[in-house]
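Accompanying notes for the structure given below.
Each value in this text was obtained by applying a stated rule to the coordinates, not by laboratory testing. All values reported here derive from a predicted model rather than from experimental measurement. Cβ placement follows ideal geometry from the backbone for every residue including glycine, while neighbour counts extend to all protein chains displayed.
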Amino acid sequence: MVPSPLEVRLHRTQACASDAALLQRRARLLDPEERARAERFVFERHRQRFVAAHGFLREVLGRALGRDPARLSFEIEARGKPRLAGAELHFSLTHTGDHVLLALAEEPLGLDAEEVRPARVGTDLARRVMAAEEFASWSGAPRAEQVRAFFRLWSAKESVMKACGLGLELAPGGFSVFSPGKLELASETGAAGSPWSLVELPAPEEYAAALATPRPARVIETG
Amino acid sequence: MTQDEVIIAIKDIIAQIAPDEDLTNLEMDVRLREQIELDSMDFLDIVMELRKLYGVQVPEKDYMELATLAGCVKYLHPLLEKKPLHCAQGAPIS
């Protein structure tokens, strides 16, 4: 019997400071620890992105749970993965540039978005984050294909590293996210002793985004 | 390399990876990613530069040790104390 897909609700927002009222509203939702963390950023634009993303997280979670967003509390797992305290709802938050994406589901999941930045792509980094067969496929491709493929691969790997809660302690070169011999995302991978389903999310040309879930997902965009 | 020079070495590597960041007022005991915008890829770049510049291999299981500047000093100083400081940008960052 084919298991039913895991329903994942995907929310997006912008973190830019053009809507000062929205930013203020989101800032008011943060708890003292989050505010202190926001204050620690050296640059105002980073502070604003943090406030926008974490205020948005509280807004969406509060709505989903029917609870006051300002009164939600979070716990940090041993390797730094945040989770909601006292609720069986899992989330994964990511931001790149001014884009914020948030995924919610009833099982652990990992979401990552990356801005495609050609200057960041080098052979040394690729060799470190790719499995041997991925590097073999990638290194033979034209440069233009390499750049986009690198970020599609990286967003998928990071989504798995977030889903299993290990972060970079899970060596990205130790598992594959591309189909054998191709620069295309496989539908699943095995990492940290578990299978993970992978989905590439629609993104503008200059971004890549991926989602990892413990079983195949049905992604519902909720705006 | 002294402990202060380990800090200079780390800041110099971060300055190459994230040239728009202001590194002058970084706190020693607060996670770097809570003070400046560093993502996982940036962190891998730091580890790779440590290997390239100083021949130091940091295994994945030890990455958490490098989360703060104080952690970097504690973890890296024993590995770097017999090595000279290289500043890729030519001038030490205080």
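With each run of n ≥ 4 DSSP H residues scored as -39500 (n - 2.57), what mean residue ellipticity at 222 nm is computed for chain A after dividing by its residue count and rounding to the nearest 500 deg cm²/dmol?
Taken over chain A, the calculation gives -11000 deg cm²/dmol.
Go ahead and estimate [θ] at 222 nm for chain B from helices alone: -39,500 (n - 2.57) per DSSP H run with n ≥ 4, summed, over the residue count, rounded to 500.
Value at 222 nm, helices only, nearest 500: -14500 deg cm²/dmol.
Provide A:Val129, B:Val6, A:Val42 in ascending order of the number of other Cβ atoms located within 10 Å of each residue's Cβ, fewest first.
Starting with the residue having the fewest Cβ neighbours, the order is A:Val42, A:Val129, B:Val6.
With θ taken as phi - 60° and the coefficients 6.51, -1.76 and 1.60, list the Karplus ³J(HN,Hα) couplings across segment A:42-52 in order, rounded to whole Hz; mark glycine and proline as x.
Per-residue couplings from phi come out as 6, 9, 4, 5, 6, 4, 5, 5, 4, 4, 4 Hz.
Let me check against my output: what whole-number percent is the relative contact order of segment A:115-208, with C-alpha pairs under 8 Å and at least 6 apart?
Answer for segment A:115-208 is 32 percent.
Counting only residues 5 or more places away or on other chains, whose amide H sits under 5 Å from the amide H of A:Leu6 once H atoms are built in the peptide plane?
Counting only residues 5 or more places away or on other chains, the set is A:Ala217, A:Arg218.
If we count every other residue with Cβ under 9 angstrom of A:His99's Cβ, Lys/Arg +1 and Asp/Glu -1, where does the sum land?
Here the count lands on -1.
Which three extents, in whole angstrom, do the alpha-carbon atoms of segment A:115-208 cover along their principal axes, largest first?
34, 28, 22
Rounded to whole Hz and in sequence order, give me ³J(HN,Hα) for segment A:67-81 from the Karplus expression 6.51 cos²θ - 1.76 cosθ + 1.60, θ = phi - 60°, writing x for Gly and Pro.
In residue order, the calculated couplings are 10, 5, x, 6, 9, 5, 10, 10, 10, 10, 6, 3, 9, x, 6 Hz.
Taking amide H positions as placed in the peptide plane 1.01 Å from N, state which residues far from A:Ala15 in sequence (5 or more) or on other chains have amide H under 5 Å from it.
A:His99, A:Val100
From the backbone phi of segment A:120-130, what are the Karplus-calculated ³J(HN,Hα) couplings (6.51 cos²θ - 1.76 cosθ + 1.60, θ = phi - 60°) in whole Hz, Gly and Pro given as x?
Karplus-based 3J(HN,Hα) across segment A:120-130 equals 7, 8, x, 5, 4, 5, 4, 4, 6, 9, 9 Hz.
How far apart, in nanometres, would the label points at A:Ala20 and A:Ala36 be if each is projected 7 angstrom from Cα along the Cα-to-Cβ direction?
Rounded to a tenth, the inter-label distance reads 2.9 nm.
Once amide H atoms are built 1.01 Å from N in the peptide plane, which residues 5 or more positions from A:Leu201, or in another chain, come under 5 Å H to H?
When sequence neighbours closer than 5 places are left aside, the close amide H contacts are A:Ala209, A:Ala210, A:Leu211.
Taking the Cβ of each residue in A:Phe41, A:Phe151 as the centre, tally the other Cβ atoms inside 10 Å and list the residues starting with the fewest.
Result, fewest neighbours first: A:Phe41, A:Phe151.
When the C-alpha atoms of segment A:37-115 are aligned to their principal axes, what extent does each axis show, in angstrom, from largest down?
Projected onto the principal axes, the Cα atoms of segment A:37-115 cover 34, 26, 25 Å.
What FRET efficiency comes out for the pair A:Arg83/B:Lys82, r = Cβ-Cβ distance, R0 = 35 Å, nearest 0.05?
0.25
Taking the Cβ of each residue in B:Met1, B:Met28, A:Met161 as the centre, tally the other Cβ atoms inside 10 Å and list the residues starting with the fewest.
Fewest-to-most Cβ neighbours within 10 Å comes out as B:Met28, B:Met1, A:Met161.
For chain A, what ratio Rg/Rh do Cα atoms give with a Kirkwood hydrodynamic radius?
Rounded to two decimals, Rg/Rh equals 0.98.
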